[in-house]
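Since the structure comes first, as structure tokens, the remarks are kept for the end.
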Amino acid sequence: MTEIGYEAARAELADIVRKLETGGQTLEESLALWQRGGQLADICQRWLDGATARLDEAIAAHDASED
């Protein structure tokens, strides 16, 4: 399975948060939403960590080229 993109993961996570805040689900449904939310949060974090690493590399390369 291909990991979804950051924007799609964030949008789905926001939808899950709204559903959990609204309530009305059974305990099983709430637990499933909570688990999926955790997976999506992990996906978003991996994307953000990757973006930070790429930015750090670009800054270091730029700084090295100025020396």
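Assorted remarks:
- Residues that are assigned to a helix (DSSP H, G or I) and among the charged types (D, E, K, R), drawn from the stretch 1-42: GLU7, ARG10, GLU12, ASP15, ARG18, LYS19, GLU21, GLU28, GLU29, ARG36, ASP42
- GLN45 meets the conditions (1) of a type outside the set (D, E, K, R); (2) surrounded by 13 or more Cβ atoms within 10 Å (Cβ to Cβ); (3) part of a helix (DSSP H, G or I) in every case but one. The failed one is (2).
- Cβ-Cβ distances below 6 Å connect the following pairs, each with a first residue in the stretch 10-23 that is open to solvent by less than 60 Å² (accessible area, probe 1.4 Å), a second residue that is among the aliphatic types (A, V, I, L, M) and assigned to a helix (DSSP H, G or I), and a separation of six or more residues or different chains: LEU13/LEU40; ILE16/LEU33; LEU20/LEU33.
The values are calculated or read from the model by the stated rules, or taken from the named source; none is laboratory data. Here the structure is a predicted model, which is why all the values come from computation and not from measurement. Glycine also receives a Cβ, built like all others from the backbone with ideal geometry; neighbour counts cover every protein chain displayed. Quick note on the areas: whole protein, heavy atoms, side chains included, nothing else; ligands and nucleic acids left out. Shrake-Rupley method; radii C 1.70, N 1.55, O 1.52, S 1.80 Å.
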